[in-house]
Amino acid sequence: IWGHRMHQGEIQLQGHPMAVTENLYLALQNLRSTKEYRTLWIDALCINQSQQEEREKRVPLMSSIYKKARSVVIWLGESWKNSELAIEYMRKLGENQNLHINPKLTPSAEVKGKSMNSGEIQDALKKFFGFPWWSRAWTVQEWVLAQESMFQCGNYVLDGQLARRSVRHFFHHQHGCCSKLDDPAQLSLFHSLIVMESLEYVRLLLNEISFPYILSQFRLRQAKDMRDKVYGMLGLATGECERLVEPKYSPYTVEELFEASALAVVERKKLEVLSHIPPFEQPNLNLPSFVPDWTSSCEKDKTYTRWLNWLGRLRLYNSCGSKAADMKIIAPGRIALRAIVLDEIEATGSVFDSLPFRTGPL
């Protein structure tokens, strides 16, 4: 449960008072049942966040906790004026893929007489996908690894399967029959919903995509401790990258962790990590040139964004065929790679600006 420690409430835990974030306090109030006992596993309570050793031991267990959970409840926050509109619209769209989002076509999705052209519906959906949960690093594995999930805003609940279907159906219609909505605010809504698309892409292709790609895909996700940019994604690592690094906090610096992670990938005879270093973005950290800075947002580097899309979806970076990379560490922060000289570059030009890529339904 995310939240700021400055705003706290107090609960009773095994007969003892315990301060919790305001967000967790509100979640517990809304998640409890008045009719029966309810068993919940909440990391903020089940892991002593103040003890470094316990945090390090629990990080590798997080993936199995989410995989084995009967259901993962995603607490977004308190309900608001139009939360019912957002949830009911998504429920309708998720239940019937034939419902159009363009009200000029029939049948179209409506809630209380309001369609996608309604500013209230659009604002409600933006609010739903604008909660801090969608921007936190640790929440990615909640969604990707859960067998079943549900979203909850106040007392309003939406099944996770319906949520993913609703977004999938939205993009199906948005790229096809309903591509010409009258409202120019559609583009803004498109950017709000795309956050679900990135989660779904990783969920569906988890065993095929690489761990460096996952780190780069979610590099905009926030974490109080920058080391959690890696640790928060470790549960999603598969194949050779499982247990890529052992979780360590102090005195392990962010720079040391990023370098160790990059080296661990290269030591597995993979050079893909080099492709995740944006050429035009100024790094925030002092890192060797072969180490990506996953604290750098790369939002201004459109070339890198297009390349990341191709890298993740087409995986066309296998120029060495079956030949493994030959690397050795020659000094702290320096590596040597064996390569083949093909030719010399005589001139360079501008980057081709119209790659045939679009973000669409999965």
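The values are calculated or read from the model by the stated rules, or taken from the named source; none is laboratory data. Just so we're clear, the structure is a prediction, and the values are computed from it rather than from any experiment. All Cβ positions, even for glycine, are placed from backbone atoms using ideal geometry, and neighbour counts span all protein chains on display. Note: accessible area is taken over every heavy atom of the protein model, side chains too, but ligands, DNA and RNA are not part of it. Shrake-Rupley method; radii C 1.70, N 1.55, O 1.52, S 1.80 Å.
Of all the numbered requirements in (1) touching a residue at least 60 places away in the same chain (Cβ under 8 Å); (2) open to solvent by less than 10 Å² (accessible area, probe 1.4 Å); (3) over 27 Å from residue 275 (Cα atoms), residue 202 misses one, and that requirement is (3). Considering only residues of region 291-306 that are without any contact (Cβ under 8 Å) to a residue 60 or more places away in the chain and surrounded by 19 or more Cβ atoms within 10 Å (Cβ to Cβ), which is nearest to residue 328 (Cα to Cα)? Of everything passing the filter in region 291-306, 291 is nearest to residue 328 (Cα to Cα). Every test in (1) open to solvent by 10 Å² or more (accessible area, probe 1.4 Å); (2) in contact with a Phe, Trp or Tyr (Cβ under 8 Å, 6 or more places away or on another chain); (3) modelled with pLDDT under 95; (4) over 27 Å from residue 297 (Cβ atoms) is passed by residue 177 save one, and that test is (2). Of all residues in region 96-138, those satisfying the criterion of being acidic (Asp, Glu) and either in a helix (DSSP H, G or I) or under 30 Å from residue 233 (Cα atoms) (or both) are 120, 123. Taking the conditions (1) crowded, with 20+ Cβ neighbours inside 10 Å; (2) modelled with pLDDT under 95 in turn, residue 115 satisfies each one other than (1). Any chance region 191-211 includes a residue that's within 18 Å of residue 283 (Cα to Cα), part of a helix (DSSP H, G or I) and not β-branched (Val, Ile, Thr)? Scanning region 191-211, I find no residue that is within 18 Å of residue 283 (Cα to Cα), part of a helix (DSSP H, G or I) and not β-branched (Val, Ile, Thr), so the answer is no.
The residues in region 247-273 that are in a loop (DSSP other than H, G, I, E, B) and touching a residue at least 60 places away in the same chain (Cβ under 8 Å) can be counted, and the count is 6.
Look at (1) surrounded by fewer than 14 Cβ atoms within 10 Å (Cβ to Cβ); (2) modelled with pLDDT of 90 or more; (3) out of contact with any Phe, Trp or Tyr (no Cβ under 9 Å at 6 or more places or on another chain) and you find that residue 225 fails only one, number (3).
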